[in-house]
Every structure is written in structure tokens, then in C-alpha cells.
Amino acid sequence: MHNIVCIKQVPDSAQIRVHPVTNTIMRQGVPTIINPYDLFALEAALGLRDRFGGEITVLTMGPPSAEESLRKALTYGADRAVQLTDRCFAGSDTLATTYALATAIRKIGKEYGPANLIFTGKQTIDGDTAQVGPGIAKRLGVGQLTYVAKVRSVDVANETIEAERRSEGGVQVLHTRLPCLITMLEATNQIRRGAMADALRAARAKIVKWSAQDAGVEDISKCGLKGSPTVVKRVFAPPARAERAALVESAEQPAQALIDAIFLNQPKLETDLATLARDARSGLSGQC
């Protein structure tokens, strides 16, 4: 099998600050990490390689500093790393990003063999759109399994896959043909500890770096800001609440004490609830 895992280098969200005057994200001095959701995708791909053999190619689009994240992915056991880096990619929204990544995936297929599976995390912690994975699948014309919790089975000979998707109502079992794209949910596995041999190999590995031209991008106007219809008008931190939370203390009946405090602070609430209950009873009587 040849599986491709798309990863993204993102700022550590625990240390992001918003400039109080310009209302923009202050990235200076903020450490970067691999998008945590992408690590679940990488581990899923590594698990399949353990079972079926083959190769894993990790792909990212970003500035030269994103090479650090690719080397980190190699320490976990990925076989190859490809980086899309070009000034024309700067400012890409999800539409422009999927165009560039899909183009690169086609080039990877020509250079290193077609992909059986393409993995992404369900979303990134800096954008939170969950659009890139499905967008890549649409551009490549392959099936997509989103919010996957577990890959149940893969039949390489018959080119089929069965997976579990976690939903609000339970678990859905999905069956489709290869190749396809999978977006992995969080907490579905745990990224392995890289072996020393992989760490040494990652330090010496040559990262494949492609410009837009190298990747085969035919229409530059679909990349970067030119190809991004999405405009972020402002980024701001929500204002702090002026009203502080109240502490309700009760050793014997904490639940009742909390209810009494709620009704005390919301005088109309008890009347509103009684009205709703009365209307509900009237509706049931009318149906009988």
C-alpha cells in the first residue's frame, strides 16, 4: 500500500495571543507543532503499514520552517516527506489549499506510485473548518470517509475498505472502494514513540521540496490570496465577563441548593417552566 498523510504546521494554540490594538494573531515567539488531529491520521496510516506493508508519504504546504514538522513525522516512521513551499501559496484559504494539495498528490502518484489511501486530521486547530480533507477528495474525484474513528478492515486485492464513523446517534459502519480519503477523529489512537533508527534517519533525510511549478500547478491564480475568496475581516479575543460566577456551597444537598440559587437569580424562570409544562400537557390531551 502507498498511503499519503497530509499534515500542517500550526502555532501552539495554548500560547496564541491577540494583539490588543490590531486585533491580529501575534505569531512572533509562538512555538509551532504538528496539528494534533493530523497525528491521529498519521498513526492510522502507520498501523495499516504494519499490517499490509508499503510506504507512507507525508505532505505539507507551508513556509520553509514547516520542514521541522515533516522531520518530526519521519521520526514517527513515515518513509518520505514532501513540502510544498512557494510565495504564491501565501494567504491560501481552504479552497486554494485543496487545489495546491490535490495537485501535489497527483504529482506524488506519478513520482512514487498512486495512493491507496489519503489521510488527514478531521480539522486543524488554527482554522477549525474541517474543509480541507473533503475538498481534496472532491478535487481528486475519490470517495471520502469523514470523522472516522476506526479502520475496520482493508481488502487490498479487491480495493475495498470498511471503517467506523462516530456520530451523535451512535456508530456508522461505512464501506467503499479504494482509493479514498479519510479524515480521522481525535482520541482514536495514540501516536507511537518513534524508534531511534527512525530519528537518525529523519535527521539525515532529504525533504522533497516543490515549488508551484515543480508540483505541476497550472493556474497560479487559483493559489494564495488570488485564489482565496474567503476574507478574514478581524480576529479578536472575546471581552472578559464583568459578572463573576457565583459559588454555591452545600454539603448535604448540593443539587437542590444549585436549583434554588438559579430560581433565586432568575425570578421568571419558574413561571416560564410552568407555562411550558402546562402547554405540553394541553397538547397531549388534544392528541388523545
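Quickly run through segment 247-260 and pick out the residues that are modelled with pLDDT under 80 and surrounded by fewer than 10 Cβ atoms within 10 Å (Cβ to Cβ). Across segment 247-260, the qualifying residue is only Ala251.
Please verify whether segment 233-240 includes one or more residues that are under 37 Å from the mean Cα position of the chain (by Cα), without any contact (Cβ under 8 Å) to a residue 24 or more places away in the chain and under 30 Å from Pro63 (Cβ atoms). Yes, because at least one residue in segment 233-240 is under 37 Å from the mean Cα position of the chain (by Cα), without any contact (Cβ under 8 Å) to a residue 24 or more places away in the chain and under 30 Å from Pro63 (Cβ atoms). For segment 174-197, the set of residues classified as in contact (Cβ under 8 Å) with a residue 60 or more places away in the chain, open to solvent by less than 40 Å² (accessible area, probe 1.4 Å) and either outside any loop (DSSP other than H, G, I, E, B) or basic (Lys, Arg) (or both) consists of Cys180, Leu181, Ile182, Thr183, Met184, listed by residue number. The set of residues in segment 179-204 being modelled with pLDDT of 90 or more and in contact with a Lys or Arg (Cβ under 8 Å, 6 or more places away or on another chain) consists of Thr183, Met184, Leu185, Glu186, Ala202, Ala203. Residues in segment 210-231 that are over 23 Å from the mean Cα position of the chain (by Cα) and open to solvent by 50 Å² or more (accessible area, probe 1.4 Å): 7 in all. Answer yes or no as to whether Ile125 is among the aliphatic types (A, V, I, L, M) and in contact with a Ser or Thr (Cβ under 7 Å, 6 or more places away or on another chain). When the stated conditions are applied, Ile125 passes them.
Quick grid of which residues meet (1) surrounded by 16 or more Cβ atoms within 10 Å (Cβ to Cβ); (2) among the aliphatic types (A, V, I, L, M); (3) over 19 Å from the mean Cα position of the chain (by Cα):
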residue: Ile56; (1), (2), (3): yes, yes, no
residue: Thr60; (1), (2), (3): yes, no, no
residue: Lys107; (1), (2), (3): yes, no, yes
residue: Lys110; (1), (2), (3): no, no, yes
residue: Pro114; (1), (2), (3): no, no, yes
residue: Thr120; (1), (2), (3): yes, no, no
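When you go through Ile262, Ile182, Ile191 one by one, which is the residue that is more than 22 Å from Asp93 (Cβ to Cβ), touching a strand residue (DSSP E or B) at 6+ places or on another chain (Cβ under 7 Å) and not basic (Lys, Arg)? None of the others qualify; the one that does is Ile182. Screening Val171 against (1) open to solvent by 40 Å² or more (accessible area, probe 1.4 Å); (2) of a type in the set (A, V, I, L, M); (3) not in a strand (DSSP E or B) leaves a single unmet condition, (3).
The values are calculated or read from the model by the stated rules, or taken from the named source; none is laboratory data. Keep in mind it's a predicted model, so treat the numbers as computed, not measured. Note that we place each Cβ from the backbone using ideal geometry, even for glycine, and neighbour counts take in every protein chain shown. To get the accessible areas, we keep the full protein, side chains included, count just its heavy atoms, and leave off ligands, DNA and RNA. Shrake-Rupley method; radii C 1.70, N 1.55, O 1.52, S 1.80 Å.
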